[in-house]
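To start, the structure itself, in structure tokens.
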Amino acid sequence: MSGAEGSKIRMLSTHVANKIAAGEVVERPASVVKELLENALDAGATRIDIVVTAGGRKLVSVADNGGGMNRDDAIMAPERQATSKIHDVDDIENIATLGFRGEALASIASVSRFTLRTRRPEDESGTEVSIVGGRLQDVKDCGCPPGTCIEVRDLFFNVPARRNFLRAFTTEQAHIRNVFVVHAIAHHDVAFSLKCDGDVAYQLAAAEALRDRILEIGGADELERLVPVDCTLGAIRVHGFAGLPSWTRGDRNGQFIYINRRPATAPVVLGAISEAYPKLEDNRKPVLYLFIDLPPDQVDVNVHPTKREVRFRRLADVREAVIAALSTALNRAGVAAPPPAAPWTPPPALGSSPWTPSQPPAAPWPQAAGPAAPPVRPLPSFAFAPAPRTPAEAQPTPTPPAEVAFSEATVQMPAGSPWTQFRILGRLSAGYVLLETNDGYTVVDPAAAHERVLYEKLLRVAAGAGRVSQRLLIPQSVEMKPLDHRRVEGVLPVLEEMGFGIAPLGKDAFIVDAVPDALAGASCEAVLLDTAAALEDAGAGRRGRERWREELVAKAASRAAVRTRGALSAKELNAIVVDLAACEMPYTSPAGRPTMIFTSFRELDRRFGR
């Protein structure tokens, strides 16, 4: 049929088919590193050395001391659907290796200048195979150490469109380093090294335990904020380390999840993690180094070409195992489990004994303010209600602590403010603050209000309106993951405009010796990590604004500062309300959450039928 006159359908050549497959498997140089790393691990390597040049565009070299190949296998390996991992269809249901498709080498060789050198320990000489753009060029004997070394040069040299979509060298290098870290954590018993443009980025010796590898990569500060996890439920074992609820990120870049030592995840795992942790503010994500081990026939890894996601045969079992492991580890560390909903208690029947509140009101209810209000109503003098007391506590009422005693003075505001005068009445148990204004009352969310105030202050500083920095008594060093480091590095000028004293420190760290005055007391690490997460979410586009990066950094910094600041005193709350009223957009936080909810006295009168 393919040869019939007028026929439109024809078979693609192997050369074209390999290039199409390369589009699925080889997204960027980091994909090449991933595939070659996994092949080396499957070959039983105990040492893997990686060299990259120009972010992997010019050269990616991966050398291992694994089992090696004979001449026939070396020639066959770069062919499509050639694999040593499976033999028939039944093996797909029981995959215990990282690779199995037989597509990686063929795809890589089709879009690069590919050289493979390999030798088995028992052979006197090795074999060298050269392929250019998917076409075999040469096969010859060579001298090489036992194992396999693959060099990939000029990636995408014959696919210019794909090459033009690659990012800057430093960005591609950051992706390579991230892939390296992910696999180095998964295989702590293997020695790894990574050299980028002649500089040694990592030199990791084989470690006895996962703790040692995390310490070497993440540092002592990272390890101190983790608790060990180890729980077996049936045939499923969940182990590793879990971050305390105080150690979170705005994205999932701090979550290293492995299924049978394969970097992958599944929706059921992410859902179980969220359920095991107490509710985290602002939808933040805990830091995790989590390994899920289960029989290979209980997990399907043949779901995605890059094997990023898997499917489980028994979802409920995996979910319960993850929740049990994390809950046990957090409880052991003194973290309370998410509280169950309080049971509902029906009110007493009519005619029964009078109802007695478990916590009586701490101050008498104020008297009514009088008849209909004039346009501007004077504020009556209310006493701030102290903390609730039990009936057993004796009179007289103790004086409230100074740090929560709000002033009864009325604050007059300039024209254009949301209110002409206000007075803070007190805090509600849910953390909100109650204000009385000239024509009603307002419930303020202090966190959202604080975010808005800091956000506009930082934007004014970025626009050149009087930068004020505060020198740190002890400069802080902040270590970051490679991709986070690269993103923050791209906005260093913006950070400096806003008043940060920040400079690179080594490969994956920054040194901070000054912060904007508005962020005094905030955690530099939290500010920089939130900035990196915000930049990742935003992408690389201009977003239609000239100063979108400044807005992005200001939003992330203000949120991080509020989250790490702690409780606000009465004096600080008073100042925030004044500053909020002076904001250009006082009604919402930078993320769009309401900062306040206003109810007028007229609305109250209507509701009470006055």
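Coordinate-derived values only; no laboratory data. Model, not experiment: these values are computed from the prediction. All Cβ positions, glycine included, derive from the backbone under ideal geometry; neighbour counts span all protein chains shown.
Quick notes
- Label-point separation, A235 to E124 (7 Å along Cα→Cβ), nm: 4.9 nm
- Rough spin-label spacing in nm, given labels placed 7 Å along Cα→Cβ, for R47 and L604: 7.8 nm
- Legend: distances between Cα atoms for K507/K555; K457/K555; K457/K571; pairs beyond 22 Å are K507/K555.
- Sum of side-chain charges, T170 neighbourhood, beta-carbon under 15 Å (Lys, Arg +1; Asp, Glu -1): +3
- Stokes-Einstein translational diffusion, the range 225-332 - Kirkwood Rh over all Cα pairs, 0.692 mPa s, 37 °C, in µm²/s: 237 µm²/s
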